[in-house]
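Structure first, commentary second.
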Amino acid sequence: MHEHWIIEALASELDRHSKEGLSRQLTRLLRDWIVAGRLVGEVRLPASRDLAQSMRLGRNTVLYAYEQLLAEGYLIARQGAGTFVNRLFAPAAGPACVREPLLGLSMRGQRLCTGYLRPREELEGAFVPCVPELSAFPHRIWQQLQARHNRHADSRDFNYQTGGGLRALREVLSDYLQLSRSVRCHPDRILITQGAQQSLALVAHLLADAGDVAWMEEPGYLGAKAALAAAGLELVPAPVDADGLNPQGVTDPRVPRLIYTTPSHQFPSGVVMTLARRLELLERAERSNAWVIEDDYDSEFRYSSQPIPALQGLADSERVIYVGTMSKVMYPGLRIAYLVLPDALIDAFRRANARLYPEGHYRLQAALAEFIERGHFARHVRRMRELYRSRQACLRLALGRGAGECLQLSPGEAGMHLVATLPSGMDAVRLAAEASQRGVCLRTLGRHYLGEVGEEGWVLGYAGISEAEIRRGVEVIAAVMAP
Ligand SMILES: Cc1ncc(COP(=O)(O)O)c(C=O)c1O
């Protein structure tokens, strides 16, 4: 890799207005890139003097970062040759990471490409977050339904579509959302999309202009950050405390245009937003004339009590855009999701969606409508809820035995992952790099922060792995944490 690309990437990601010192940022960025495999192999880093000069940084700022990473073992120094990435810290495999920006990319394109992309080993196995149990899905029933709908397809279903999704699917979803999630809904309010990611991009493009401010939960969901940032929004961290997103904790005085939140099960912390906080947030949105994006991605998997009603159903005014997805309750590769929109926005969204992302897969949508209608969906969710509940219990028990008092675990009333926070002084990134060498993925909590990292820890997905894998994974955690 040419050193020039490293300087370019650092220049675009280093935030000179952040409260986090430049030296700390530099250390963190380089460390994250090494762990994520963006600096692959024995890459030579720019000489500290060149880097300092090109980026208008003090030489000591760069030297401190290099020395810190040398001490941590991420870098090695070669007499007379320079400073190199320590090959030992390269992730096991996978060409999935973007290594150098392509010539000709726009600034936006370069920022998008240098953002975090899951390497291959973060797609499956212990403790990859956000992946459901794929082998327990009723594949046979699903295939039969799809085959039948394909056989009896109306040829019009193969043409371009502008209906906002198959009506039959919007009808069953509307019933489901009203009953299970207390969403104020009717079939015409629903727009079917190809994933929450597309829904977020559409919302960002239609409801905000480049340069507008979007509040983003801190820590928060990487996919939402990518979608909002790609639309040119300025992301402002909105801290999450034990009651959920805290509007009073936002220090940036600019008025938000969009507020992104996961109130039913905050991603990644797992906090459920309290009623008082929900009302405060709605009131704040009203006052700011802002739209609230409610991402309700996994609330079907609730273990302790009845599902918490959606924020959208609570609002008097129509300020909340509800984002739902089939990725967790069915499977991520399905790429079917939906938006529930205020009446006044439906037409505009349907038109814009048809222009930007022409619709398709109406036969697949018909199969899904029948899958839900016939009760297969509800049965599958019930079975997965039980499975994930016992996997979470297994993870808690194993961590309790293996990692003792060291790790503090999030409440886990819902969802498919737990957050384990580390005592201060323990380096989550370094330990994750060691675990990765042993085939275990420990997604660092720090990756989910826009600004200064609040707590060090890991996001541990447990839904898609067996209890045996959980126990094996915990043995690796215990081994890397051992003094
Ligand atoms: C907070 C959150 N929202 C949404 C999604 C799902 O997005 P998609 O429908 O694009 O698969 C995820 C998946 O990990 C998520 O964690």
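Laboratory data are not the source of any read-out in this text; all were calculated from the coordinates shown. Owing to the predicted nature of the structure, the values given are computational and were not obtained by experimental measurement. Note that we place each Cβ from the backbone using ideal geometry, even for glycine, and neighbour counts take in every protein chain shown.
Worth pointing out:
- When you filter the GluC sites (Glu not before Pro) in region 118-178 for DSSP loop state and at most 15 other Cβ atoms inside 10 Å of their Cβ, you are left with Glu124.
- Sum of side-chain charges, Ala348 neighbourhood, beta-carbon under 14 Å (Lys, Arg +1; Asp, Glu -1): 0
- From least to most packed, judged by other beta carbons within 10 angstrom and beginning with the fewest, Lys19, Lys328 follow the order Lys19, Lys328.
- Loop-located chymotrypsin sites (Phe, Trp or Tyr not before Pro) in region 134-167, at most 16 other Cβ atoms within 10 Å (DSSP): Tyr160
- Cβ-defined net charge surrounding Asn289, 11 Å radius [Lys, Arg +1; Asp, Glu -1]: +3
- Near-label residues of region 186-218 by backbone N, under 15 Å of a point 7 Å along Cα→Cβ of Ala344: 207-208
- The relative contact order of the chain comes to 18 percent, based on Cα pairs under 8 Å that sit 6 or more residues apart.
- DSSP bridge analysis restricted to region 234-387 gives an antiparallel fraction near 45%, rounded to the nearest 5.
- By DSSP, the beta bridges lying fully in the chain are antiparallel in about 60 percent of cases.
- Cα centroid of region 3-29 to Cα centroid of region 452-479, whole Å: 29
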